[in-house]
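Okay, structure first, notes after.
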Amino acid sequence: MRILILTLGSRGDVQPYVALGAALRARGHNVIVSTGQGFEAMIEAQGLTAAPLSDNVREMIQTPEIQAALRTFSGKIRAWRASKGLFRRQLDEMWAVAQEVRPDIILYHHPKGLAAQHIAEALQIIAVPTALIPAYIPTGAFPSPGLPFGDLGRFGNRMSHKAVVGLMHRLLSGQVGRWRSERLGLAEKGPRDLFGGYHPAGKAVPRLHGFSRHLVPAAEDWGSREKVTGYWFSEPATGWQPPPALSRFLEAGPPPVYVGFGSMPGKDAGPLTQNVIDALRAVGKRGVLATGWGGLTDSSSNEHVCFLESAPHDWLFPRCAAVVHHGGAGTTHEGLRWGRPSVICPVFGDQPFWGQRVAATGAGPPPLPQKRLTAATLSEALKATEAPEMRRRAAETGEALRAEPGAAGAAAEVDAMIESWAD
């Protein structure tokens, strides 16, 4: 089968889909991954074909408009109004890629690749929806990750999901409808379920969920259509060689604490970095600080702190005592995968949700929002990671995550779908 994977975003939005693509390729499929620029080497290293879109997310996220959108509600409104032309261009580019690739099946990351179900309708092929966060199927088990609330009770939780899904439909349906009509030649009123997928014969399409049941409580009110496989981890890096300075630092003392905020650029990166260094010093810990996309700023490395731009998490985290990060879905699962206590410092979106889930498992302290991060608050959180019970729970959670089927299981689900549709 010729399978097109559509996703868009930062590394955390792309890497799990590359892992899924590699698992599908191992089962004999021809896999094309279409996403923003900057990930071609990662995709092609797995024997997959890259079909890049014109967006460069790293450059976009550094703009003042996007940085404001990450931190304020008014910034989000302004960014949304300014993004309408960008959204239409993304839809057009995804359509162009699909016409060139001519896939048999599209796997799409919802909502980043929601053009897929409409493209599948135009081409009369199958579109399979996937997600990395549990935000698009209403449930009473937990609140929507898109809202900054704790547990609201079964009724409130379900309503929170419906509110987010309804708002998404309201914001997108008009633009998507015009695009369907003008570009695809379809009826302007498309399917109401943006997470519904598409089958030319009208058959129900299963939905793949790439997160852990051990981190997100089981949603007993979900039906058999929902396939929760565990996170789609890449195979651990074997050929990656660390910079000499990092090797020397790791060999010179006990396992350090990892601190990094991934694709979250820092408005006040200098003071934030100093707070992190002061917190590590206060608890007598060494630290590896990843500057990432600007969340931390590089000052001089010394015997207590080593700075680096990035390193494969699956190589570095097993060599650390604990991890401190922003709480993206990928980094959260990766830290727990290796049984390390995690301090989540969320900025926006689903990050507070993952921080709450880590705390609920006992594998980390309560989330520490980045806007409240000081040397004092972070040092208290780091002290908590030394508790024997927290370290035991982190180790148990890691063992459970590693046992899940993950990307290989998701690829097997795709083959099971193909086989069932052939009957």
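The values are calculated or read from the model by the stated rules, or taken from the named source; none is laboratory data. What you see is a predicted model, and the numbers here were worked out from it, not measured in a lab. Cβ atoms come from the backbone with ideal geometry, glycine included; neighbour counts cover every protein chain shown.
Tabulated data for the structure shown
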read-out	value
Pairs where the first residue, in the range 384-397, is surrounded by 13 or more Cβ atoms within 10 Å (Cβ to Cβ) and the second is in a helix (DSSP H, G or I) and of a type in the set (G, A, S), C-beta under 8 Å, 6+ apart	M390/A384
Enumeration of residues in the range 313-371 that are among the hydroxyl-bearing types (S, T, Y) and surrounded by 22 or more Cβ atoms within 10 Å (Cβ to Cβ)	T331, T332, S342
Among the candidates L316, L336, residue that is under 29 Å from A245 (Cα atoms), outside the structural domain of A204 (by TED's automatic domain parsing) and out of contact with any Phe, Trp or Tyr (no Cβ under 8 Å at 6 or more places or on another chain)	L336
Hits in the range 288-338 - residues which are farther than 21 Å from F353 by Cβ and among the hydroxyl-bearing types (S, T, Y)	T291, T297, S299, S300, S301, S310
Residues satisfying the stated conditions in the range 178-222, i.e. surrounded by fewer than 16 Cβ atoms within 10 Å (Cβ to Cβ) and closer than 15 Å to H110 by Cβ	P191, R192, D193
Failed condition for R178, given (1) over 24 Å from Q90 (Cα atoms); (2) part of a helix (DSSP H, G or I); (3) charged (D, E, K, R)	(1)
Near pairs, Cβ below 7 angstrom, 6+ apart or cross-chain, from the range 403-423 (in the same structural domain as F211 (by TED's automatic domain parsing)) to any residue that is among the aliphatic types (A, V, I, L, M) and part of a loop (DSSP other than H, G, I, E, B)	I418/M1
Residue within the range 79-99 that is surrounded by 15 or more Cβ atoms within 10 Å (Cβ to Cβ), among the β-branched types (V, I, T) and either modelled with pLDDT of 80 or more or assigned to a helix (DSSP H, G or I) (or both) present	yes
Residue match in the range 26-49 (condition: crowded, with 22+ Cβ neighbours inside 10 Å, of a type outside the set (A, V, I, L, M) and under 19 Å from D415 (Cβ atoms))	no
Odd one out for N157 among (1) in contact with a Pro (Cβ under 7 Å, 6 or more places away or on another chain); (2) within 26 Å of Y17 (Cα to Cα); (3) crowded, with 16+ Cβ neighbours inside 10 Å	(2)
Checking S420 against (1) surrounded by fewer than 17 Cβ atoms within 10 Å (Cβ to Cβ); (2) among the hydroxyl-bearing types (S, T, Y); (3) under 18 Å from the mean Cα position of the chain (by Cα), the condition it does not meet	(3)
Given (1) assigned to a loop (DSSP other than H, G, I, E, B); (2) touching an Asp or Glu at 6+ places or on another chain (Cβ under 9 Å), index of the condition R192 fails	(2)
Qualifying residues in the range 5-28 (those that are over 19 Å from the mean Cα position of the chain (by Cα) and touching a residue at least 40 places away in the same chain (Cβ under 8 Å)) - the one nearest to G230 (Cα to Cα)	L24
Members of the range 165-177 found to be free of Cβ contacts under 8 Å to residues at least 40 places away in the same chain and either surrounded by 18 or more Cβ atoms within 10 Å (Cβ to Cβ) or not assigned by TED's automatic domain parsing to the domain that holds A187 (or both), listed by number	V165
